[in-house]
Each structure stands twice: as structure tokens, then as C-alpha cells.
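Down below is the structure, laid out as C-alpha cells.
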Amino acid sequence: MSDVISKNDLLRLVDQWLAEGKRVIGPVKMGDGVILYAPVAVSGQLVLDGFVHPANSIKEAVFPRSETIYTYTFNGQEIELSDVEPDCTECIVIGARPCDAASLPILDHLFNWDYQDKFYNARRAATTVVTLACTEYDDDCFCTSVGLGPAANQGSDAMLSSAPDGAHGTCVFEVRALTDKGQALFGGKTGGKTSAAEIKVPISDGPAKKFDTVDIETFLKNNYESEAWRDITMRCLGCGACAYNCPTCHCFDIVDEGDAAGGRRVKNWDSCQFGQFTVHASGHNPRAVQAQRQRQRIQHKFRIYPEKFGAILCTGCGTCTRNCPVGLGVLNTLEAIAAIARASIEVK
Amino acid sequence: MSDTTGFEPKIVAYVCNWCTYLGADLAGTNRLEYPPNVRIVRLPCTGRIDFNLIIKGFEMGADAVIVSGCHPGDCHYTAGNYHARRRWTLFRELLETLGFEMDRIHFAWISAAEGKKFQQFITEITEKTRALGPYTAYREICEASR
Amino acid sequence: MIDQLRQTCKKLLEEGAVQVVIGYGQDKPSMMPHPVFITKPEDTDRLVWNDLCFANLAAYVTRKEIKALGKPAVIVKGCDERALVVLEQESQFTRDGIYVIGMACDSLPASGMGNPRAAKCASCAVRTPRYADVTIGEAAVGSSAVGSSSCSTADTEFADLDEFMKKTPAERLAYWKVELSRCVKCYACREVCPMCYCNRCLVDKNRPTAIDTSATIKGNLAWHIARAFHQAGRCVGCDECTRACPAGINLRLLNQSLAKAAERAFAYKAGMDKETPPVIGSYSLEDKESFIE
């Protein structure tokens, strides 16, 4: 038995959430056609079909690109610090892809590891994620290679699956509440129960597996000094287009911004691919060359994080690969590594 | 001095040390009164004035920004103001494309002998800026970024 | 054309004339063509050439990882070659330190998806590289004059910008506030740009901080103003920044505004002729100053 909701009713629900002062984030089409997850002001802005994946991720809901963590004012010789309360506005992410939702349980490990990040946790508690199962995929998707899939429910509070036509003559979604939060959102709001046989929900099988994470982990353990890193990643320009749009990348920089009267300490996204990322105060840079930085990225995602937290730091969404100006991204790097691992070439 | 709404414009003037700054000095020694709204920032030459300083002026709350230096041909460092003039020609276009209010940005040549011109110029700009009101557009941008 | 290109590169590598060929490859048919670095003659079969070869490979000539490989041969389209001219003007390489392989562009078909690439090609004046060591392919009949530094297509070149400037200043600012609020400061625009080769960018400076690193509207505006202005008279309009931006920001308009200013005020177009003094860094006693009070 599943609940269904028509698209119109869903959009009405969204407008109701907005009227209640909640923040709603979903796929929105921007000026030049690019689709990004962004806050909406009216439900009509949401785009729920006709594309594979937005160009960014939903991590902004819990980990914003720039966040003040405290403010300070100068008072003669004294400095006054003021705490900033984390933003607890209730937030609903609607139309998230399963690969994006799956990043949240993965990030939970890091933000509650040696320090309980109150900013992350407050936003996480206030956010409900409604996923939309995937009906299609493209060549850059590889969720199935990292243990996920088009209808994976990790990180999702409620899953929508679009059915071409229910009994109502309009587009309908099957709704499955997966957690209490999801139940709270949709309980009693759906259009009534139908038996599973009445609606056909086309879920895609997902892309074929493109590599084996065990092969990858073995390669990573045994080929740290390999010149293959240089060859595979030579074209990387060291921007942050991959890391910033990645649902699981979480590195941040802490800076002070202000003037003679005072200012704020702020936490900003950072990318391990930037040349200055590992510069020491002495001027020494242990990762001075792009190959070293790329190696670290892959090591972090596919060996270090799994060893530490038992989760791969990648959900196979393909956003890095789609955004990369030179066509690299995690997928192409891993496929190159997997090819080497398969051929069992001993590289020096 | 202040009008009924009480708005006092904040004006930042980036001036060169050898001409405009001395012109301002001359206005002072001649007891020529000009409005106190202007904050003068002294630099060695207009050639050193980075475009980023103009943006910083607005970021810090200026309602108008003035850049002033030696007349062409009189630069203490020979050609600094020629380079500055070129830079300003291009920078103004960028600011216009971005939608800056161009009547809040002023470029001038004021020499060390032109104390009177300095007085008149500052008075005029202050009144113009008072009539325009605070640069709320830029303030909003900075407030939204706190 | 592709066979001739591969043969040329193979010969260069075999003879040791160059140690690496910077070109386009397409390792999977489903991928867009991407930069490749060929060091072995037998690998030159990886090279491709088609209407999706967007990347401006001139960006790699200044990168230390590439320089470490030895003398490069770099494959350039006419627009990319303009970048090489500017880099040479700025002493980023000596002409005999690189080997330039020029590719004549057939007119690139408009994808019809609002891709800014189509916009830049429609008014391109340099469809055939002019200073290459070897040029492969020929310009189609009727294309713009080779080697012309005149603004023969200036009317169409800035059409988008002229249209945009019809808005009021308040409308323009509102537009940029929306566009730039999407910026996450990933610096993809900076990294793909051949002209952004500073070892330490102004935005990375923090003693003191010159430009806010935060991706707030204030920080984004300051960054894009700085980058656009640092490109004044240097940007060759390859539009790679616009293509690379993951948030789809219309950076082309900003760069065009400075290119138009350089052309209209100083009759200068970046990258057309190595001998013309760069527009910033030189001056004329006759420069106009109507805006100066």
C-alpha cells in the first residue's frame, strides 16, 4: 500500500510550508538554464522533471558556503565576543536526488567526530529531506558503484516516486515516509491510499557498475608514490568546482572579516585542490603539485574516510565530473585507476 | 549645515600627495571653509590608486568617492597620472555595466595651487551627494553579507 | 585534419623537437573533448579535433607541472592563440620555448542551448591562427580576414552588451546581485583563464585581506570586479570562464564591457598583435578625459 499525492497538491503543500515561514530548497532553473538546488519563494519555481541532476548539492542546507560563527567588537583595548546562534529555521529540501540525501549520514560522522559542530547539528535537526527517486541517469552517474542506487533511502526522510498517471489524470507521486520527520510532513496530507498495483512507478535500474571500490582501495594502499597520479590528473587546474558542488566534500576555512570597529569570524568552504590549501606558516607546502592534491582527494574519499568512519566519502552523483571544466572529476580519475588496477601494471 | 532629515554624506577622497593634498592644505592655510564630510586619504600619486580602493570606500560606507591628482604633465613622478587616467577610463565602464551610481564617483585634477578649486569642488560634491542621499544600494549589499 | 595533426605531433615527439604535446583528447566517446598531454609518439592517436574542442589550452603553458615536462607543442584555435600573444607580451614564455600548432576553425555549429560559445564564434575575427609554427586546415571561404586587427565585427561582437546597457543602473545592479549571489567562489573562472597565472592571487592575500574570501554578495562582487579589471585589455574573450562556471554566471558580459571600453577608447584589442603596447601599462598624452572634473 502506498500513499499518493498529485503534483498540484504537492505544490500546494510547498506553498503552505512557505507560508508557515519554513525554508524550502529544491531544484530551480536559473537564468541561463543551469539547474541548481536553491531556496524557493513560490512552489512554481520548482523543477521536478526533465533533468538528471542539478549542478550543485543539498549540503548548503546543513553546511552553508559561508557562516558566521561569532562576532567581535573592539572597545578601546577590550575585545567583546558575541556568540552567534545557529540558524534553526525549519528547512525542507524537496526533490533531492537520493545520491544527495545519502551524503547527510556520511557527513554526520565528521561533524560529530572530535567536535560536535553545533551549527551543522542545529541545521541538520531542522532539515527534512524529501527525495525524488531517479527515473533516468547519464554517463556521469555512478551511484551504483558506491553502494547506492536510484531509489536509495539513506538520508531521506520521505521518498517521492513519480508515476506517469495515477487515477487522477495528472502527474502523481507515490509517497513513502521513511522517518518520523517524513511522517510529520506528509502524514494526513496525501491524496489517499492506493494499492501498489494501481500505480506503476518507473524506477530506473541505475547505471552499470563502473569500478569496484575494493580494487580502488587496494590500488590506493599500494601505489602512493605512483607516477600514474601525475599522468591521470595532469589536466586538473586546481579550482573548486568539484569540491564545492560535491555533496560530501566538507573542508572549510576559518577567517576573520572586519574593520577597525569589529567584525565576524566566519567559516567558509575550502577546496583541497587550491594551491594554497596546505601552505604552512613557514611557507612550506607539502602538497605543492596538483598531482599530490588530486591523490589526496581520492585517498580521502576512498581510503582514509572509509578507514576512519566506515563510509565512502562519495555518493556517485557525478556532479564533480559534470562540472569539471577539463572533464576530470572523481569518476574519470577512478576509472583510470581501475583500469590500471585491472591490468595489474606495476607502476613505479 | 545638515538638512531636515539629518543625513550627512560620508565622502572619501583619495588624493595624491604632491598636488591635490597640497591644494587641500592651501585651502586650509587660506581659511577657505569646506564641508567636513570629506575624509582625505593621502597617497603618493594617483598612479598608485588601486581600483580596489574605490570599492573599499563604498564597502566601508562611503556615499561618494573622489579620486584626484596632478594635472596631466605635472605629475611629480612624470607619468603616474597618465596611467591612472587610462585605468579610470576602463574602470568606469566596468562600474557602469555593474549598475553603480556613477554620479557618486568623481575624478578630478586639482593642483597644489588650486586651494579655491578644492574648496569649491568639495562643497559641490558634498551638496550633490546630500541631494542623492545615502548609498543604500551598496549598504544593503554589505549588510546582507554580515 | 586529424590525421595531419596526429602525424605532425608524432614527428615532433620522435625528433625530440618537443617533449610534450598539449592537445585535445576524448578518452570516452561520451565525454566532451578534454586536455591531454602526450609525451610518447605512439600516444598521438589519442588526439582529437572536433567542434566540441572548447578548452583554451594556452592556460597550461604557464603551469609549473607542464613546464617541468620540457618544451611543449600547444594546439590552439584562433581565439586561444590570442591568449598566447598576450602571454608572450607579458614575458610568460619566449617564443622559441614553445611550438605552436594552429588549427583553423570551421564555423562551430550553434548548439541552440544558449551556450555562450556560439555567441563568441558568431563574431570571431580570428578563425585561423596567425602566428603558428604550423597551421592545419584552412578557413572557410568568406570568413573574416586573417591577421586583421581591425574591429571588423565590432557591431555584432558587443551586441549582447549593448542590449544589456539599455537597462537602467538600478536594473543592472539588480541583475548582477542575482547572478553573483550564485557564485560560490570556486575560482573555476580564474583557473581556466590563461591570463590568470599569478602564483598568489589577490583574493588569496590575507595580510591584510584585500578581498573578502567569503561567498557573500559583497565578497562575490569584490572578487568579480577585481578579476574583470585585472583582465582589462588582457582578456581575449575565449569565454572559458563563462563555460567553466558551475553556477552559470554570465561572466562574458563583464569581460566584454572592458573589452569594449579598450576598443572604443584606445582602439585596442587584446592578443591581436604582439608589437602593440598593452593598453594598461602604457598611456598616451592624447587619452580622453571628458569624465574628469
Selection within segment C:269-284 - surrounded by 15 or more Cβ atoms within 10 Å (Cβ to Cβ), in a loop (DSSP other than H, G, I, E, B) and either among the hydrophobic types (A, V, I, L, M, F, W, C) or at the interface with chain B (Cβ under 10 Å from one of its Cβ atoms) (or both): C:270, C:272, C:279, C:283
Residue, surrounded by the fewest Cβ atoms within 10 Å (Cβ to Cβ), within segment B:61-73, restricted to residues that are within 9 Å of another protein chain (Cβ to nearest Cβ) and over 14 Å from the mean Cα position of the chain (by Cα): B:73
Matching option when the condition is in contact with a His (Cβ under 9 Å, 6 or more places away or on another chain) and at pLDDT 90 or above, among C:251, C:258: C:251
Which listed residue, of A:36, A:46, A:18, is buried (at least 18 other Cβ atoms within 10 Å of the Cβ), away from chain C (no Cβ under 14 Å) and not β-branched (Val, Ile, Thr): A:46
Residues being modelled with pLDDT of 95 or more, within 25 Å of residue A:213 (Cα to Cα) and aliphatic (A, V, I, L, M) - total across segment A:111-145: 0
In segment C:237-256, residue surrounded by the fewest Cβ atoms within 10 Å (Cβ to Cβ) [restricted to those that are among the small types (Gly, Ala, Ser) and over 14 Å from the mean Cα position of the chain (by Cα)]: C:248
Scope segment B:25-44; condition among the aliphatic types (A, V, I, L, M) and closer than 27 Å to residue B:7 by Cα; matching residues: B:27, B:32, B:38, B:40, B:41
Pick from segment C:257-268, criterion more than 18 Å from residue B:98 (Cα to Cα) and in contact with a helix residue (DSSP H, G or I) (Cβ under 6 Å, 6 or more places away or on another chain), ranking: surrounded by the fewest Cβ atoms within 10 Å (Cβ to Cβ): C:265
Residues satisfying the stated conditions in segment C:172-205, i.e. aliphatic (A, V, I, L, M) and assigned to a helix (DSSP H, G or I): C:173, C:174, C:178, C:180, C:188, C:192, C:202, C:203
Any hit, segment C:16-32, residues being without any contact (Cβ under 8 Å) to a residue 40 or more places away in the chain, over 29 Å from residue A:141 (Cβ atoms), facing chain A (nearest Cβ under 10 Å) and among the charged types (D, E, K, R): no
Residue that is modelled with the highest pLDDT [pool: residues in segment A:166-217 that are within 28 Å of residue A:140 (Cβ to Cβ) and in a strand (DSSP E or B)]: A:176
Qualifying residues in segment C:53-65 (those that are in contact with a strand residue (DSSP E or B) (Cβ under 7 Å, 6 or more places away or on another chain) and either in a loop (DSSP other than H, G, I, E, B) or surrounded by fewer than 22 Cβ atoms within 10 Å (Cβ to Cβ) (or both)) - the one farthest from the other protein chains (Cβ to nearest Cβ): C:53
Residue tally, condition surrounded by 23 or more Cβ atoms within 10 Å (Cβ to Cβ) and either facing another protein chain (nearest Cβ under 9 Å) or out of contact with any helix residue (DSSP H, G or I) (no Cβ under 8 Å at 6 or more places or on another chain) (or both), over segment B:111-121: 1
Options C:86, C:48; residue that is in contact with a strand residue (DSSP E or B) (Cβ under 7 Å, 6 or more places away or on another chain) and touching a residue at least 24 places away in the same chain (Cβ under 8 Å): C:48
Neighbours by Cβ (under 6 Å, 6+ apart or cross-chain): first from segment B:74-100, at the interface with chain C (Cβ under 7 Å from one of its Cβ atoms); second among the hydroxyl-bearing types (Ser, Thr, Tyr): B:82/C:283; B:83/C:283; B:86/C:283; B:93/C:257; B:94/C:257; B:97/C:257
Every residue from segment A:121-145 that is part of a helix (DSSP H, G or I) and within 14 Å of the chain's Cα centre (by Cα): A:124, A:143
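For every residue, the table says whether it meets (1) small (Gly, Ala, Ser); (2) in contact with a helix residue (DSSP H, G or I) (Cβ under 8 Å, 6 or more places away or on another chain); (3) modelled with pLDDT under 95.
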| site | (1), (2), (3) |
| --- | --- |
| A:222 | no, no, yes |
| A:255 | no, no, yes |
| A:276 | no, yes, yes |
| A:283 | yes, no, yes |
Residue among A:114, A:100 that alone is under 28 Å from residue A:18 (Cβ atoms) and of a type in the set (Asp, Glu): A:100
Given (1) touching a residue at least 12 places away in the same chain (Cβ under 8 Å); (2) at the interface with another protein chain (Cβ under 8 Å from one of its Cβ atoms); (3) not acidic (Asp, Glu), number of the condition residue C:203 does not satisfy: (2)
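The values are calculated or read from the model by the stated rules, or taken from the named source; none is laboratory data. Please read all numbers here as calculations on a predicted model, not as lab measurements. In this analysis, Cβ positions are derived from the backbone assuming ideal geometry, glycine residues included, and neighbour counts consider all displayed protein chains.
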